[in-house]
Structures are given as C-alpha cells and as structure tokens.
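The values are calculated or read from the model by the stated rules, or taken from the named source; none is laboratory data. All of these numbers come straight from a predicted model, not from anything done at the bench. All Cβ positions, glycine included, derive from the backbone under ideal geometry; neighbour counts span all protein chains shown.
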Amino acid sequence: MATDNSKKILELKAQLEKLTKFMDVPCFRYSSVKWLSKNLQARNANHPSYPEAKALLEELNKLGAN
C-alpha cells in the first residue's frame with residue numbers, strides 16, 4: 001500500500017511540476033506541495049492551469065505528500 005501511495009505521489013508531483021513551470025512560481029518550488037498549497041493562488045489565480053494545479057495539490061495533500 002505504501003508503495004502504491006509513493007508511486008501515485010511521484011506521478012502527481014510530476015504532473016504538478018509540468019503545470020507550475022509556466023506559472024509565476026520560483027523554479028525551486030515547482031513541486032513543493034506545502035509551499036504551493038499556501039502560495040500558488042497569490043500570483044496565479046487567473047492562470048488557465050491553476051484549477052488543475054489546485055486539484056493536484058488537494059489530492060497530494062490527502063495522500064500526505066510534502
């Protein structure tokens with residue numbers, strides 16, 4: 001089970017990193033779930049990929065990713 005969660009977390013983080021590369025996010029924060037959960041909306045609420053990124057963050061938080 002832990003392996004399945006770990007694999008799912010890695011897949012979701014990879015998707016999130018692809019989305020946030022084109023947003024106003026520091027490059028070293030592209031896949032930082034904790035930081036993005038707190039700060040992504042501030043400069044990216046109107047970005048077309050924001051809703052998808054937010055959904056990925058919510059799922060990652062449920063899985064316990066950091």
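Taken over region 41-66, residues that are at pLDDT 95 or above and either among the hydrophobic types (A, V, I, L, M, F, W, C) or touching a Gly at 6+ places or on another chain (Cβ under 7 Å) (or both) amount to 7.
Just to verify a result, which residue in region 19-66, among those that are assigned to a loop (DSSP other than H, G, I, E, B) and among the polar types (S, T, N, Q), is nearest to Thr3 (Cα to Cα)? The extreme case among them is Asn66.
Between a residue in region 2-20 that is within 17 Å of Ser37 (Cβ to Cβ) and any residue that is of a type in the set (D, E, K, R) and assigned to a helix (DSSP H, G or I), which pairs come within a Cβ distance under 8 Å, given they are 6 or more apart or on different chains? Between residues of region 2-20 that are within 17 Å of Ser37 (Cβ to Cβ) and residues that are of a type in the set (D, E, K, R) and assigned to a helix (DSSP H, G or I), the close pairs are Leu12/Glu59; Leu19/Glu52; Thr20/Arg29.
Residue pairs whose Cβ atoms lie under 7 Å apart, sitting 6 or more positions apart in sequence or on different chains, and linking a residue in region 27-43 that is of a type outside the set (Gly, Ala, Ser) to a partner that is exposed (fewer than 15 other Cβ atoms within 10 Å of the Cβ) and assigned to a loop (DSSP other than H, G, I, E, B), are Tyr30/Lys21; Val33/Asn66; Lys34/Asn66; Arg43/Asp24.
Out of curiosity, is Ser31 crowded, with 17+ Cβ neighbours inside 10 Å, under 12 Å from the mean Cα position of the chain (by Cα) and among the small types (Gly, Ala, Ser)? Answer is yes for this residue.
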